[in-house]
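Asker: The structure follows.
The values are calculated or read from the model by the stated rules, or taken from the named source; none is laboratory data. Note that the structure is predicted; figures quoted are calculated from it, not measured. Here Cβ is always computed from backbone atoms with ideal geometry, including for glycine, and neighbour counts include all displayed protein chains. Keep in mind that these areas ignore ligands, DNA and RNA; they rest on the heavy atoms of the full protein, side chains included. Shrake-Rupley method; radii C 1.70, N 1.55, O 1.52, S 1.80 Å.
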Amino acid sequence: MEVRIEPSWKERLKEEFEKPYFEELTQFVKEEYTNEVVYPPPAFIFRAFELCPFEKVKVVILGQDPYHGKGQANGLCFSVSEGVSLPPSLANIFKELESDLMSDLRGRSLHRDGNLERWARQGVLLLNATLTVRARIAGSHQGHGWEEFTDAAIRALSEERQQLVFILWGNYAKAKGAHIDRTKHCVIESAHPSPFSAYNGFFGSKPFSKANAYLIANGKEPIDWL
(Lines give C-alpha, C1' and ligand atoms only; values in the text may rest on other atoms or scores of the structure.)
Protein backbone atom coordinates (compact mmCIF):
# COMPACT_ATOMS: atom_id res chain seq x y z
CA MET A 1 0.00 0.00 0.00
CA GLU A 2 1.26 3.49 -0.85
CA VAL A 3 1.26 5.72 2.22
CA ARG A 4 2.45 9.33 2.09
CA ILE A 5 4.69 9.68 5.10
CA GLU A 6 8.14 11.14 5.70
CA PRO A 7 10.72 8.86 3.95
CA SER A 8 12.78 7.86 7.01
CA TRP A 9 9.60 6.80 8.82
CA LYS A 10 8.27 5.08 5.72
CA GLU A 11 11.37 2.90 5.64
CA ARG A 12 11.00 1.88 9.31
CA LEU A 13 7.26 1.29 9.15
CA LYS A 14 6.89 -0.19 5.65
CA GLU A 15 6.01 -3.64 6.99
CA GLU A 16 3.07 -2.15 8.91
CA PHE A 17 1.51 -0.80 5.72
CA GLU A 18 1.16 -4.34 4.33
CA LYS A 19 -0.48 -5.88 7.39
CA PRO A 20 -4.21 -6.67 7.40
CA TYR A 21 -4.94 -4.31 10.31
CA PHE A 22 -3.54 -1.35 8.36
CA GLU A 23 -5.61 -2.22 5.29
CA GLU A 24 -8.70 -2.24 7.50
CA LEU A 25 -7.64 0.98 9.25
CA THR A 26 -7.16 2.73 5.92
CA GLN A 27 -10.62 1.75 4.75
CA PHE A 28 -12.18 2.85 8.04
CA VAL A 29 -10.47 6.24 7.96
CA LYS A 30 -11.43 6.85 4.32
CA GLU A 31 -15.07 6.11 5.09
CA GLU A 32 -15.01 8.36 8.16
CA TYR A 33 -13.57 11.32 6.24
CA THR A 34 -16.17 10.74 3.49
CA ASN A 35 -19.21 10.47 5.76
CA GLU A 36 -18.35 12.39 8.93
CA VAL A 37 -16.47 15.46 10.14
CA VAL A 38 -13.06 14.15 11.17
CA TYR A 39 -9.95 15.83 12.55
CA PRO A 40 -7.21 16.70 11.81
CA PRO A 41 -7.39 17.72 8.14
CA PRO A 42 -6.25 14.76 5.99
CA ALA A 43 -2.95 16.43 5.07
CA PHE A 44 -2.03 16.61 8.77
CA ILE A 45 -2.66 12.97 9.76
CA PHE A 46 1.06 12.10 9.64
CA ARG A 47 2.31 15.59 10.44
CA ALA A 48 4.14 14.53 13.62
CA PHE A 49 6.33 12.28 11.47
CA GLU A 50 6.76 14.88 8.71
CA LEU A 51 8.16 17.51 11.07
CA CYS A 52 10.37 15.11 13.02
CA PRO A 53 12.21 12.55 10.85
CA PHE A 54 13.33 9.32 12.50
CA GLU A 55 17.00 10.22 12.90
CA LYS A 56 16.18 13.70 14.25
CA VAL A 57 14.08 12.52 17.18
CA LYS A 58 15.45 13.47 20.60
CA VAL A 59 12.30 13.55 22.72
CA VAL A 60 8.96 11.79 22.38
CA ILE A 61 5.78 13.15 24.00
CA LEU A 62 2.84 10.78 23.81
CA GLY A 63 -0.78 11.89 23.64
CA GLN A 64 -3.98 9.91 23.26
CA ASP A 65 -6.38 11.44 20.68
CA PRO A 66 -6.32 14.54 18.51
CA TYR A 67 -8.46 17.39 19.80
CA HIS A 68 -12.03 16.87 18.60
CA GLY A 69 -13.16 20.51 18.52
CA LYS A 70 -13.40 22.55 15.32
CA GLY A 71 -10.08 24.02 14.21
CA GLN A 72 -8.06 22.58 17.09
CA ALA A 73 -6.22 19.46 15.87
CA ASN A 74 -3.12 20.12 13.77
CA GLY A 75 -1.46 16.71 13.73
CA LEU A 76 0.77 17.24 16.78
CA CYS A 77 -0.29 16.00 20.20
CA PHE A 78 -1.35 18.73 22.65
CA SER A 79 -0.75 21.36 19.93
CA VAL A 80 -3.19 23.78 18.28
CA SER A 81 -2.66 26.21 15.43
CA GLU A 82 -1.94 29.91 15.89
CA GLY A 83 -4.92 31.93 16.98
CA VAL A 84 -6.73 28.98 18.56
CA SER A 85 -7.52 29.27 22.27
CA LEU A 86 -5.40 27.04 24.47
CA PRO A 87 -7.16 23.83 25.55
CA PRO A 88 -6.96 23.30 29.33
CA SER A 89 -4.25 20.61 29.17
CA LEU A 90 -2.02 22.77 26.98
CA ALA A 91 -2.55 25.77 29.27
CA ASN A 92 -1.35 23.60 32.17
CA ILE A 93 1.65 22.43 30.14
CA PHE A 94 2.65 26.06 29.67
CA LYS A 95 2.19 26.74 33.39
CA GLU A 96 4.53 23.89 34.26
CA LEU A 97 6.96 24.95 31.55
CA GLU A 98 7.17 28.47 32.93
CA SER A 99 7.63 27.20 36.49
CA ASP A 100 10.16 24.57 35.47
CA LEU A 101 12.35 26.85 33.35
CA MET A 102 11.81 30.15 35.15
CA SER A 103 15.53 30.59 35.72
CA ASP A 104 16.16 30.19 31.98
CA LEU A 105 13.80 32.98 30.94
CA ARG A 106 16.28 35.76 31.71
CA GLY A 107 14.17 38.45 30.15
CA ARG A 108 12.82 36.28 27.35
CA SER A 109 9.11 36.01 26.77
CA LEU A 110 7.50 32.59 26.93
CA HIS A 111 5.67 31.68 23.72
CA ARG A 112 1.96 31.94 24.41
CA ASP A 113 0.54 30.54 21.19
CA GLY A 114 -0.32 26.84 21.22
CA ASN A 115 1.41 25.80 18.01
CA LEU A 116 4.14 23.38 19.14
CA GLU A 117 5.67 23.07 15.69
CA ARG A 118 8.72 24.88 17.08
CA TRP A 119 9.31 21.87 19.37
CA ALA A 120 8.75 19.33 16.60
CA ARG A 121 11.34 20.96 14.34
CA GLN A 122 13.93 20.62 17.12
CA GLY A 123 13.41 16.88 17.45
CA VAL A 124 10.34 16.48 19.67
CA LEU A 125 8.03 13.82 18.26
CA LEU A 126 4.54 14.91 19.36
CA LEU A 127 2.72 11.66 18.77
CA ASN A 128 -0.88 10.78 19.52
CA ALA A 129 -1.66 7.09 19.95
CA THR A 130 -4.66 7.58 17.66
CA LEU A 131 -4.07 9.88 14.71
CA THR A 132 -7.65 10.74 13.79
CA VAL A 133 -10.93 11.42 15.63
CA ARG A 134 -14.56 12.15 14.76
CA ALA A 135 -15.69 15.68 15.60
CA ARG A 136 -16.96 16.14 19.15
CA ILE A 137 -16.51 12.45 20.06
CA ALA A 138 -13.34 11.78 22.05
CA GLY A 139 -11.89 8.32 21.51
CA SER A 140 -14.10 7.64 18.49
CA HIS A 141 -11.24 6.23 16.38
CA GLN A 142 -9.67 4.12 19.09
CA GLY A 143 -9.56 0.37 18.56
CA HIS A 144 -9.35 0.52 14.77
CA GLY A 145 -5.61 -0.01 14.35
CA TRP A 146 -3.96 3.33 15.00
CA GLU A 147 -2.64 2.12 18.36
CA GLU A 148 -0.89 -0.81 16.72
CA PHE A 149 0.68 1.50 14.17
CA THR A 150 1.96 4.00 16.73
CA ASP A 151 3.21 1.14 18.94
CA ALA A 152 5.34 0.08 15.97
CA ALA A 153 6.77 3.61 15.70
CA ILE A 154 7.69 3.61 19.40
CA ARG A 155 9.28 0.16 19.15
CA ALA A 156 11.36 1.28 16.17
CA LEU A 157 12.68 4.27 18.11
CA SER A 158 13.37 2.18 21.19
CA GLU A 159 15.21 -0.53 19.27
CA GLU A 160 17.15 1.49 16.69
CA ARG A 161 17.97 4.70 18.54
CA GLN A 162 19.92 5.41 21.74
CA GLN A 163 19.48 7.87 24.61
CA LEU A 164 16.10 9.32 23.72
CA VAL A 165 13.75 10.95 26.22
CA PHE A 166 10.18 9.65 26.43
CA ILE A 167 7.74 11.89 28.33
CA LEU A 168 4.66 9.98 29.45
CA TRP A 169 1.81 11.99 30.97
CA GLY A 170 -1.04 9.98 32.47
CA ASN A 171 -1.87 6.30 32.70
CA TYR A 172 -2.66 5.86 29.01
CA ALA A 173 0.78 7.12 27.95
CA LYS A 174 2.47 5.12 30.71
CA ALA A 175 0.85 1.91 29.43
CA LYS A 176 2.02 2.68 25.90
CA GLY A 177 5.51 3.07 27.33
CA ALA A 178 5.71 -0.70 27.76
CA HIS A 179 7.43 -0.79 24.37
CA ILE A 180 10.37 1.35 25.54
CA ASP A 181 13.70 -0.18 26.54
CA ARG A 182 14.45 1.73 29.72
CA THR A 183 18.04 0.52 29.81
CA LYS A 184 18.74 2.60 26.67
CA HIS A 185 16.45 5.58 27.11
CA CYS A 186 15.22 8.08 29.69
CA VAL A 187 11.54 7.77 30.63
CA ILE A 188 9.89 10.67 32.48
CA GLU A 189 6.45 9.88 33.91
CA SER A 190 3.88 11.96 35.75
CA ALA A 191 0.18 12.63 36.01
CA HIS A 192 -1.62 14.01 32.95
CA PRO A 193 -1.78 17.83 32.51
CA SER A 194 -5.57 17.69 32.36
CA PRO A 195 -7.31 19.90 34.96
CA PHE A 196 -8.64 16.67 36.50
CA SER A 197 -5.14 15.41 37.37
CA ALA A 198 -2.58 18.19 36.99
CA TYR A 199 -2.48 18.84 40.73
CA ASN A 200 -1.89 15.15 41.43
CA GLY A 201 1.67 15.05 40.19
CA PHE A 202 1.97 16.95 36.93
CA PHE A 203 2.64 20.37 38.42
CA GLY A 204 6.13 20.32 39.88
CA SER A 205 7.27 17.30 37.86
CA LYS A 206 9.78 19.40 35.85
CA PRO A 207 9.76 17.29 32.67
CA PHE A 208 11.36 19.97 30.50
CA SER A 209 14.44 20.58 32.61
CA LYS A 210 14.83 16.83 33.24
CA ALA A 211 14.70 16.11 29.52
CA ASN A 212 17.30 18.75 28.74
CA ALA A 213 19.59 17.61 31.54
CA TYR A 214 19.56 14.09 30.08
CA LEU A 215 20.20 15.33 26.54
CA ILE A 216 23.12 17.49 27.67
CA ALA A 217 24.59 14.65 29.74
CA ASN A 218 24.58 12.51 26.60
CA GLY A 219 26.20 15.11 24.36
CA LYS A 220 23.05 16.32 22.60
CA GLU A 221 21.71 19.81 22.07
CA PRO A 222 18.91 20.60 24.52
CA ILE A 223 15.45 21.61 23.35
CA ASP A 224 14.56 25.30 23.44
CA TRP A 225 11.16 24.79 25.02
CA LEU A 226 10.52 28.50 25.53
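Asker: Classify the stretch 187-226 from the C-alpha gyration tensor, please: rounded if a/c falls under 1.5, else prolate or oblate depending on whether a/b exceeds b/c.
Answerer: It is prolate, given that a/c is not under 1.5 and a/b is the larger ratio.
Asker: At a Förster radius of 41 Å, what calculated FRET efficiency corresponds to the Cβ-Cβ distance of Lys206 and Thr26, to the nearest 0.05?
Answerer: The computed FRET efficiency comes out at 0.55.
Asker: Something else: Leaving out ligands, DNA and RNA, and with a 1.4 Å probe, what % of the accessible surface on the stretch 90-226 is carbon or sulfur?
Answerer: Exposed carbon and sulfur together represent 49 percent of the surface.
Asker: On a 0 to 90° scale, report how tilted helix 7-17 is relative to the longest principal axis of the chain, with both axes built from alpha carbons and the result rounded to the nearest 10.
Answerer: On a 0 to 90 degree scale, this one is about 50.
Asker: Further question: Just need the relative contact order of the chain here, percent rounded to a whole number, with Cα pairs under 8 Å and 6+ apart.
Answerer: Result for the chain is 24 percent.
Asker: Ignoring ligands, DNA and RNA, what accessible area per residue does the chain give at 1.4 Å, in Å²?
Answerer: Averaged over the residues of the chain, the accessible area is 47 Å².
Asker: Here's something else I'd like to know. What shape does the stretch 1-122 have by the C-alpha gyration tensor, where a ≥ b ≥ c are the square roots of the eigenvalues, rounded means a/c under 1.5, and otherwise prolate means a/b greater than b/c and oblate the rest?
Answerer: oblate
Asker: Out of the DSSP beta bridges found with both residues in the chain, what percent are antiparallel (nearest 5)?
Answerer: The antiparallel proportion sits near 10 percent.
Asker: Could you sort Lys30, Lys176, Lys58 by accessible area so the largest value comes first, with the probe set to 1.4 Å?
Answerer: Most to least solvent-accessible, the answer reads Lys30, Lys58, Lys176.
Asker: Next question. Carbon and sulfur: what percent of the stretch 1-81's accessible surface (1.4 Å probe)?
Answerer: Roughly 52 percent, rounded to a whole number.
Asker: Any idea what the relative contact order of the stretch 145-206 is, in percent, if you count C-alpha pairs under 8 Å spaced at least 6 apart?
Answerer: In percent, rounded to a whole number, it is 31.
Asker: Classify the stretch 1-42 as rounded, prolate or oblate, taking a ≥ b ≥ c as the square roots of the eigenvalues of its Cα gyration tensor: rounded when a/c is under 1.5, otherwise prolate if a/b is larger than b/c and oblate if not.
Answerer: Oblate, because a/c is 1.5 or more while a/b does not exceed b/c.
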